[in-house]
Structure formats: structure tokens, C-alpha cells
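Below is one structure, written out as C-alpha cells; the observations come after it.
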Amino acid sequence: MTVVIMYLKSRGKNGNHSAITDTLAISAVSYLSIQIYKHSMAGLFNSITDITVILNTFQFSHLHSIHLLMVLLASAVVIQGQGNVTLSWEFSRIFASLQREVPQLGLSVKAFNAWSK
């Protein structure tokens, strides 16, 4: 995922969301607009996903900041031709580890959502 824009909610019950360029804490961010990449093999990710392949366009999503697992260092990502990216060996290992734990991550998110209500 590539973060395209971050939003910060102003104080109060009916606070407005406004775009920000940086933050010191992810907890200050209300939403992230991100570009989605499809994992193809090893550390390679394609910018064109299955959903958008017919139109040859990129896919974007608008996520709550609590859904962000980690931030990649700029040095850990190599941008290839056509917007594809390759992760460093270290982050490819972390991604593979997270992939194996997807069922547990889903259960953790459900538990968090139940706890926060």
C-alpha cells in the first residue's frame, strides 16, 4: 500500500476531517487514503490489481488508521517500471510472516472492534 493522503479529525463531536502532510503519531490520524498493490511473488507487488485489471487502472482504499500494521522505510521499497514495487529481503520476510498469520489477524481485529464498542 502507498499512503496517498492522511486525514486528521478536529476536536468535538462534529469535528471536520482535514488533510495533513505528516504526523508524529499514527493515533493522531483519523483516516488514510492508500493505493492497493497485489502480491505476485516473493517481494514483488503489482500496482494493477485483479479488480482493476480490465481497465488497467490503480485501486485505492480509505482506511481507518487503526488498520495500519507497519510503516515501510523508503529504503526498503524499490519502485519498478509501471508502478510495481519490490520489497527488501527483510520486509519480504515480514510480509510472508504476516501472510501466515492472516486468520489470527482477522480474529484480533474482531476482538478489537468488539472491545471498542
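The values are calculated or read from the model by the stated rules, or taken from the named source; none is laboratory data. None of these values were measured; they are calculated from a predicted model. A quick note on method: Cβ atoms are made from the backbone with ideal geometry, for glycine too, and the neighbour counts reach across all protein chains shown.
Structural remarks
- Filtering region 1-57 to residues that are outside any strand (DSSP E or B) and within 19 Å of L87 (Cα to Cα) leaves M1, Y37, A42, G43, S47, I48, T49.
- The residues of region 1-37 that are of a type in the set (A, V, I, L, M) and modelled with pLDDT under 75, listed by number, are M1, V3, V4, I5.
- When S97, S75 are checked against the criterion of being polar (S, T, N, Q), closer than 25 Å to L24 by Cα and exposed (fewer than 11 other Cβ atoms within 10 Å of the Cβ), a single residue qualifies: S75.
- Options F112, F60: the member that is touching a residue at least 40 places away in the same chain (Cβ under 8 Å), on the phi < 0 side of the Ramachandran plot and over 14 Å from the mean Cα position of the chain (by Cα): F112
Results for (1) touching a Phe, Trp or Tyr at 6+ places or on another chain (Cβ under 6 Å); (2) among the β-branched types (V, I, T); (3) closer than 28 Å to Y7 by Cβ, shown as yes or no for each residue.
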site	(1), (2), (3)
V71	no, yes, yes
V78	no, yes, no
Q82	no, no, no
W89	no, no, no
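- Qualifying residue in region 36-55 (condition: of a type in the set (S, T, N, Q), free of Cβ contacts under 8 Å to residues at least 24 places away in the same chain and more than 26 Å from Q99 (Cα to Cα)): no
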